[in-house]
C-alpha cells in the first residue's frame, strides 16, 4: 500500500527555508496571520512514519503546531 500523500503543516513562528532538505524538499514559506508569524510547510510526504518524524522535529524546535491537513493531490 502506498501511503504517500500531500500535507499542509502550519506552525507558529518562523522556520527558515534552509530546513526544506530536512523536510524532504517540501515548500516552506512564512506568512503573517492575524499579526502572528507562522510558517506553512507543504508537499508530498512518503509515508506516515515520515510525517510523524517531521512533526516531532517541529515539536523539538519548539514550534507549536497549528494545523496538519492532508491535501487532495491531483
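Across q = 0.13, 0.17, 0.22, 0.26 Å⁻¹, region 5-71 modelled as identical point scatterers on its alpha-carbon atoms has Debye log10 I(q)/I(0) values of -0.30, -0.52, -0.89, -1.26, in the order of the q list.
From Cα pairs below 8 angstrom and at least 6 apart in sequence, can you work out the relative contact order of region 5-71, rounded to a whole percent? Spell out each step's value before the answer.
On the way: 116 pairs, mean separation 31.7, N = 67.
Result for region 5-71 is 47 percent.
Inter-label distance, residue 50 to residue 5: 1.4 nm, where each label sits 7 Å from its Cα along the C-beta direction. Note on residue 66/residue 27: beta-carbon distance plugged into 1/(1 + (r/R0)^6) with R0 of 25 Å gives a FRET efficiency of 0.90.
Once the Cα-Cα distance is subtracted from the 0.36 nm per residue extended length, the residue 17 to residue 37 segment shows a gain of 5.8 nm.
Read-outs: derived from the displayed coordinates by stated rules, not from any lab. Since this is a predicted model, take the numbers as computed values, not measurements. Ideal geometry is used to build each Cβ from the backbone, glycine not excepted, and the neighbour counts take in all protein chains shown.
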